[in-house]
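Here's the structure, in structure tokens; my notes come after.
The values are calculated or read from the model by the stated rules, or taken from the named source; none is laboratory data. Treat the numbers as computed from the prediction; the structure is a model and nothing was measured. Don't worry about glycine lacking a Cβ; one is built from the backbone with ideal geometry, like all the others, and counts go over all protein chains shown.
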């Protein structure tokens with residue numbers, strides 16, 4: 001299932017309704033085929049944390065109804081780590097990420113991986129510089 005990654009303030013996300021789609025109100029990007037386990041491998045590479053700790057860097061911020069959708073937020077540590085990456089760092093990390101088991105299993109084009117990473121870093125920089133957060137909207 002693909003999820004929507006978006007940048008917003010905590011106040012505006014706190015008032016979201018269950019039928020509200022974040023792509024209507026916030027800068028958004030698709031998670032594409034990069035599911036949570038695949039993203040955790042990226043987070044481990046970016047922060048230097050072990051995979052178990054990295055897998056907990058997206059944590060539940062709110063549940064809009066019992067069945068979803070759910071809003072996750074990136075940890076402040078991860079957001080800061082992503083925001084501090086420069087273009088050369090992103091390229092080197094994306095090459096390393098491409099060799100991770102979860103990414104290899106996706107069998108995707110290197111350009112898709114680079115584009116996703118650059119956009120996630122850009123969103124993180126916007127959020128970090130403007131005192132916002134990066135969220136993930138998921139209906140599962």
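Brief remarks follow.
- Considering the conditions (1) at pLDDT below 95; (2) touching a helix residue (DSSP H, G or I) at 6+ places or on another chain (Cβ under 7 Å), residue 105 is excluded by exactly one of them, (2).
- Residue count for the range 1-15 under the criterion of being closer than 20 Å to residue 127 by Cα, part of a loop (DSSP other than H, G, I, E, B) and touching a strand residue (DSSP E or B) at 6+ places or on another chain (Cβ under 7 Å): the result is 1.
- Scanning the range 28-54 for residues that are in a loop (DSSP other than H, G, I, E, B) and modelled with pLDDT of 95 or more yields a total of 3.
- Looking across the range 92-112, the residues that are farther than 15 Å from residue 37 by Cβ and in contact (Cβ under 8 Å) with a residue 40 or more places away in the chain come down to 93, 96, 112.
- Count of residues meeting criterion [out of contact with any strand residue (DSSP E or B) (no Cβ under 9 Å at 6 or more places or on another chain) and in contact (Cβ under 8 Å) with a residue 12 or more places away in the chain] in the range 21-46: 10
- Number of positions in the range 64-83 that are touching a residue at least 24 places away in the same chain (Cβ under 8 Å) and either under 17 Å from residue 54 (Cα atoms) or touching a helix residue (DSSP H, G or I) at 6+ places or on another chain (Cβ under 8 Å) (or both): 11
- Residue that is farthest from residue 90 (Cα to Cα), among those in the range 47-63 that are under 15 Å from the mean Cα position of the chain (by Cα) and touching a residue at least 40 places away in the same chain (Cβ under 8 Å): 61
- Looking across the range 37-50, just one residue is surrounded by fewer than 16 Cβ atoms within 10 Å (Cβ to Cβ) and within 21 Å of residue 137 (Cα to Cα), and that is 37.
- Condition check for residue 18: modelled with pLDDT under 95, in contact with a helix residue (DSSP H, G or I) (Cβ under 8 Å, 6 or more places away or on another chain) and over 23 Å from residue 114 (Cα atoms): no
- Residues that are surrounded by fewer than 19 Cβ atoms within 10 Å (Cβ to Cβ) and not in a helix (DSSP H, G or I), drawn from the range 17-27: 17, 18, 19, 20, 21, 25, 27
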